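One structure below.
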There are 2 protein chains.
Amino acid sequence: MKRLLLISNGTNYSRSFLDHALEAIDTFLQGTTGEVIFVPYAKHDWDDYHDKVRGILERIGAVTDSVHRISKEVERKSAIQNARAVFVGGGNTFRLLETLYRLNLIPAIREAVLAGVPYIGVSAGVNLACPTIKTTNDMPIVYPPSFDALNLVPFNINPHYLDPDPNSQHMGETRAKRIEEFHEVNTVPVLGLREGGMLKIESTAVTLAGENGARLFRPNTPPEEYHPGARLDFLV
Amino acid sequence: MKRLLLISNGTNYSRSFLDHALEAIDTFLQGTTGEVIFVPYAKHDWDDYHDKVRGILERIGAVTDSVHRISKEVERKSAIQNARAVFVGGGNTFRLLETLYRLNLIPAIREAVLAGVPYIGVSAGVNLACPTIKTTNDMPIVYPPSFDALNLVPFNINPHYLDPDPNSQHMGETRAKRIEEFHEVNTVPVLGLREGGMLKIESTAVTLAGENGARLFRPNTPPEEYHPGARLDFLV
């Protein structure tokens, strides 16, 4: 059974890294065994990032290794196939995707998750689970060989979704305007997942969790608002 | 002589489209003759965009045609070579670059500007003048064959540059953090050009114009602040 926990943001305002999501991660991992395999490639310093995440997951009794510490391709693939879960951390989505293509890990992760290995994605890790990274907020600091991503869900997500600020004097595009531009040339729905929000997918059941809800954008249709607890099974 | 006028944003807060930049455009075009060739590809509706810009440039006596209205490649190239100026409008930088590659217009515009055709770029048109589009703020709604751009200046610009908001509770990366990520994997300087700001380049003279100034980022160096009127010749 395909299982995903997609977390909009790593850090909530005034809280420490992953603090707002740790209980949901703990619940999501119940009944699973083995090592969580962390994917640190969205950040520059992989050792540092892994140390940070490992220390936090230890608090819920989860043992974590990082894919960057496994030197052989065949062993990386095996570790992912046998993982308790794959945990893809946030950072820069372009760097994450470019590195995964270079290491031939896109098919490895996709096949493992489709075979039942649970997937936890935070921020850039949420973009990665979608058909493409075309709804990332990140700066395109490196050129990946494609914008196609893991395609684990048939819709796109915009993590860190931000409502327009009526008091802003900044004239750059609002997030809603950017998603409208996406829909000028793409047709898949886009779920704007606000900070604090999470999406839990278990086979064909899609549940909005966490705080602050989400806004669903489709081409030529007014956006729809969904509140925490809403079922969005129609998206899969 | 290479001449560029790079305008951070098309619309200033509480003003109409191009109102804040029209005097600077008028001055920049003094002594030039012929038709301004507009490049509308950053937006979805090219006719509409051209009509809007044409009407505004008429106010300063400039006649404008749009490159999308010229059907043959050889005629597009000739129109650009003989233009009074090339004017690249804002919108989505990925769509702009992808379309220019598809129409084989990257070398045509680059060669014309290096041969002396003045270049006016707004927002996405500013990103386009740089070595790459890797410091755009836009959503990657389409996949261009490369992030390499016109390379008319040897540094990158971040248009619509925005200072961190000390009151924000949003935890997405600040603009400065995004530029820092750029410098984890790239070495060229990045000029954060605030809304209202413009950069005028005449051969080897680089002048910061307009309002609100700019912030210069380099790898492993504290950012430097520049005020309107500053000369930044050292960048070229």
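The values are calculated or read from the model by the stated rules, or taken from the named source; none is laboratory data. For clarity, every value in this text was computed on a predicted model and none was experimentally measured. A quick note on method: Cβ atoms are made from the backbone with ideal geometry, for glycine too, and the neighbour counts reach across all protein chains shown. These accessible areas exclude ligands, DNA and RNA; they are computed on the full protein's heavy atoms, side chains included. Shrake-Rupley method; radii C 1.70, N 1.55, O 1.52, S 1.80 Å.
Legend: mean number of C-beta atoms from other chains within 10 angstrom of residue C-beta atoms, peptide B:135-148, equals 6.
With the whole protein complex present, A:D65 retains an accessible surface near 40 Å², based on a 1.4 Å probe.
Sorted shortest first, the separations between the B:A115 label point and its copies elsewhere in the assembly read 5.9 nm; each point sits 7 Å from Cα along the Cα-to-Cβ line. Most mobile of A:A209, A:A24, A:A112 per a Gaussian network model of chain A (Cα springs, under 10 Å)? Checking each option, the largest mean-square fluctuation is seen for A:A24.
Residue and distance for the chain A Cβ closest to the axis that moves A onto B, in whole Å, come to A:P140, 3. Span-like helix criteria (full DSSP H runs; alpha carbon extent of at least 24 Å along the helix axis; mean Kyte-Doolittle hydropathy of at least 0.0) are satisfied in chain A by no helix. Diffusion coefficient of the range B:3-235 by Stokes-Einstein, Kirkwood radius over Cα pairs, 4 °C, 1.567 mPa s: 73 µm²/s. At a threshold of 50 Å², the residues of the range A:1-31 that become less accessible to a 1.4 Å probe in the full protein assembly than in their chain on its own are A:Y13. A:Y13 contributes about 110 Å² of solvent-accessible surface, heavy atoms of the protein only, 1.4 Å probe. For A:I70, the point set 7 Å out from Cα toward Cβ sits 5.5 nm from its twins in the other copies, listed from shortest up.
Can you pull the percent of chain B's accessible area that's carbon plus sulfur, 1.4 Å probe, other chains left in place? The value for chain B is 47 percent carbon and sulfur by accessible area. Per residue, the accessible area of the protein assembly as shown comes to 39 Å² when a 1.4 Å probe rolls over the protein heavy atoms.
Using a 1.4 angstrom probe on protein heavy atoms only, the contact between B and A buries about 3700 square angstrom of accessible area, both sides summed. Between copies, A:E23 shows label-point distances of 5.8 nm, shortest first, with the point placed 7 angstrom from Cα along Cα to C-beta.
Comparing A:V117, A:V53, A:V74 in a Gaussian network model of chain A, where Cα atoms under 10 Å apart are tied by springs, the biggest mean-square fluctuation is seen for A:V74.
In plain terms, the chain from B:R102 to B:E73 could stretch by 9.3 nm, reckoned as 0.36 nm per residue minus the Cα-Cα distance. With the charge dipole of the range A:3-235 set up from +1 on Lys and Arg Cβ and -1 on Asp and Glu Cβ about the Cα centre, the Cα lying farthest toward the positive end among the listed residues A:T99, A:T174, A:H160 is that of A:T99. The convex hull drawn around the Cα atoms of the protein assembly as shown, when projected onto a plane and averaged over every direction, covers 22.1 nm². Beta bridges assigned by DSSP with both partners in chain A are antiparallel in approximately 55 percent of cases. Pairs over the 22 Å Cα-Cα cut-off, from the set A:K77/B:K177; A:K134/B:K43; A:K2/A:K177; B:K177/B:K200; B:K2/B:K77: A:K77/B:K177; A:K2/A:K177; B:K177/B:K200. Taking A:V36, A:V126, A:V63 as the candidate residues, the one with maximal mean-square fluctuation in a Gaussian network model of chain A, Cα springs under 10 Å, is A:V63.
For the range A:172-203 and the range B:76-134, what is the separation of their C-alpha centers, rounded to whole Å? Going from one Cα centre to the other spans 30 Å.
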